[in-house]
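Step one of this worksheet: look at the structure below.
Nothing in this text is a laboratory measurement; each read-out follows from the coordinates by a stated rule. It should be emphasised that the depicted structure is a prediction, and the values quoted were computed from it without experimental measurement. Using ideal geometry, Cβ is built from the backbone for each residue, glycine included, and neighbour counts are taken over all protein chains shown.
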Amino acid sequence: MGRLVVDTELLVEAGGQLGAIVDTFMYADHDAEALADHVGHPGLARKVTDFALTWQSRRQEMLETIGSLADVAAGVGLAFEELDQLLADKLTLDPEVQTAGGAVPQ
């Protein structure tokens, strides 16, 4: 029989890290605008500012995609943890609590 091993902690952690990436991207235009103030050349500062403003729609798409991945990764990790706990609970029930025929009361 095959064996399924799921690192649920890694999945939940990945969800958190992806969420942090979303947070970073949310403020990327502000970071670029702040950088523009410090580049020391007006032409380059305009280019940095233009870039920050023109990639707004692409950044929004990325935010939505990465945010979805964060939710899915964390959700899958938590779902497997819950399933694992449920299965462990079913396996460790007191045999006297089980009903006739092996059915476990709900």
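Label zone of Leu91 (point 7 Å out along Cα→Cβ, amide N under 20 Å): in region 3-30 this covers 3-10. Rounded to the nearest 20, the Cβ-based charge dipole of region 8-96 about its Cα centre (Lys and Arg +1, Asp and Glu -1) stands at 760 debye. Out of all Cα-Cα pairs in the chain, roughly what percent, to the nearest whole number, are more than 18 Å apart? In whole percent, the share of Cα-Cα pairs in the chain beyond 18 Å is 68. Shown is the FRET efficiency for His30 and Met1, computed with R0 = 41 Å from the Cβ-Cβ distance and rounded to the nearest 0.05: 0.15.
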